[in-house]
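Colleague: Got a structure for you, written out below as structure tokens; questions coming shortly.
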Amino acid sequence: MGTWRIPLRDRVIELGQRTLVMGILNVTPDSFSDGGRYLDPGRACERAWQMVEEGADIVDVGGESTRPGHTPVPAEVERERVIPVVRRLVAEGLPVPISVDTMKAEVAEAALEAGAHMLNDVWGLQRDPRMVRVAARYRAPVVAMHNQEGTAYRSLMDDIAAFLRRSLELAAEAGLGEELVIVDPGIGFGKTATQNLDVLRDLRRLTALGRPILVGTSRKSTIGKVLGGLPPGERLEGTAATVAVAIVGGADIVRVHDVRAMVRVARMTDAIVRPGRGGFVEVG
Ligand code: HH2
């Protein structure tokens, strides 16, 4: 497992020493597991602070649901949802970096202008060509996630790796630099349940890209399917299993809803797979 230091405005995040937990804050009416709960900026900010208390290392704010069958929202609506929350969290001095989950350059730009630290693009810099330029201008780290229409692959892991390599090339060409990109295989995006399980099993192959890896499995439908149709609110244990397996496979950041529980899962898994780095010291 590698280690990386990624500069973010006024701070640096260290990756590879221990697994970082990114807490999900969906400021949307229709996200698949928490839609509508945090549309009010005040409630959204309270939830962000609660996630920090629970041990979140990064808070990821999103204003558009990406679940299958979601309603696309215009940039203006997305901006109106996300920017007041980012502004307020910055003003309140949230002690962890704020990431913004968007595939639209204009939302990304407004978020960075408002003080967000990094971007999370579920199209890996390959949907909106202006995205990489915005990131480069602000020197903002980006999570580049694999995505595609449909579930046809020549070779699942090779195709995902090729897509992510292209994201790294785009970052290099735009002057952002590969060293500001975190890669993500995109669990639940353009993949069947079986393919999602295959990606988790073979995740380690993506370490060949030489970049930190983020994995987002939290409460996703594959877990519901494997566990006989459990609804999102009952996918905690299934999520825990996927988080542990992702860390064993080389994940450096896990993106989750249930921060308190997954921080424990990450600490426990780190103590096994990152001996001497996970923070566990035996006494007596
Ligand atoms: N998954 C979702 C959204 N953004 N970003 C990254 N980098 N990786 C992911 O796996 C990922 C993501 C979907 O989950 P969620 O945010 O809970 O739901 P929704 O898209 O319905 O808001």
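The values are calculated or read from the model by the stated rules, or taken from the named source; none is laboratory data. From a predicted model like this one, the values you see are computed outputs, not experimental measurements. Note that we place each Cβ from the backbone using ideal geometry, even for glycine, and neighbour counts take in every protein chain shown. Calculation scope for accessible area: heavy atoms of the full protein, side chains included, ligands and nucleic acids excluded. Shrake-Rupley method; radii C 1.70, N 1.55, O 1.52, S 1.80 Å.
Colleague: Pull up the stretch 53-78, narrow it to residues that are away from the ligand (no atom under 16 Å from the Cβ) and farther than 13 Å from Ile24 by Cβ, then point me to the one that is most open to solvent (accessible area, probe 1.4 Å).
Modeller: My answer is Glu53.
Colleague: Another question, then. How many residues are touching a strand residue (DSSP E or B) at 6+ places or on another chain (Cβ under 9 Å) and assigned to a loop (DSSP other than H, G, I, E, B) when one looks only at the stretch 181-220?
Modeller: 10
Colleague: Can you name every residue in the stretch 86-112 that is in contact with a Phe, Trp or Tyr (Cβ under 8 Å, 6 or more places away or on another chain) and open to solvent by less than 60 Å² (accessible area, probe 1.4 Å)?
Modeller: Leu94, Met103, Leu112
Colleague: Among the numbered criteria (1) in contact with a strand residue (DSSP E or B) (Cβ under 7 Å, 6 or more places away or on another chain); (2) farther than 20 Å from Asp121 by Cβ; (3) among the aliphatic types (A, V, I, L, M), which one does Val61 miss?
Modeller: (2) is the only condition that Val61 fails.
Colleague: Could you pull out the residue among Met145, Met157 that is under 17 Å from Leu206 (Cα atoms) and in contact with a strand residue (DSSP E or B) (Cβ under 7 Å, 6 or more places away or on another chain)?
Modeller: Checking each option against the conditions leaves just Met145.
Okay, residues lined up against (1) open to solvent by less than 30 Å² (accessible area, probe 1.4 Å); (2) without any contact (Cβ under 8 Å) to a residue 12 or more places away in the chain; (3) assigned to a loop (DSSP other than H, G, I, E, B):
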site	(1), (2), (3)
Thr222	yes, no, no
Lys225	no, no, no
Gly229	no, yes, yes
Ile247	yes, no, no
Met262	yes, no, no
Arg267	no, no, no
Ala271	no, yes, no
Phe280	no, no, yes
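Colleague: When you scan the stretch 51-96, how many residues do you find that are in a helix (DSSP H, G or I) and touching a Lys or Arg at 6+ places or on another chain (Cβ under 9 Å)?
Modeller: Matching residues across the stretch 51-96 total 5.
Colleague: Please work out if Leu227 is in contact with a helix residue (DSSP H, G or I) (Cβ under 6 Å, 6 or more places away or on another chain) and at pLDDT 95 or above.
Modeller: Criteria met by Leu227.
Colleague: Hey, another quick one. Could you tell me how many of the residues in the stretch 227-284 are closer than 16 Å to Gly16 by Cα and not hydrophobic (A, V, I, L, M, F, W, C)?
Modeller: Matching residues across the stretch 227-284 total 13.
Colleague: Would you confirm whether any residue within the stretch 35-51 is farther than 30 Å from Ile272 by Cβ and within 10 Å of the ligand (Cβ to nearest atom)?
Modeller: yes
Colleague: Name the residue that is least open to solvent (accessible area, probe 1.4 Å), counting only residues in the stretch 117-175 that are over 20 Å from the mean Cα position of the chain (by Cα) and of a type in the set (S, T, N, Q).
Modeller: Ser155
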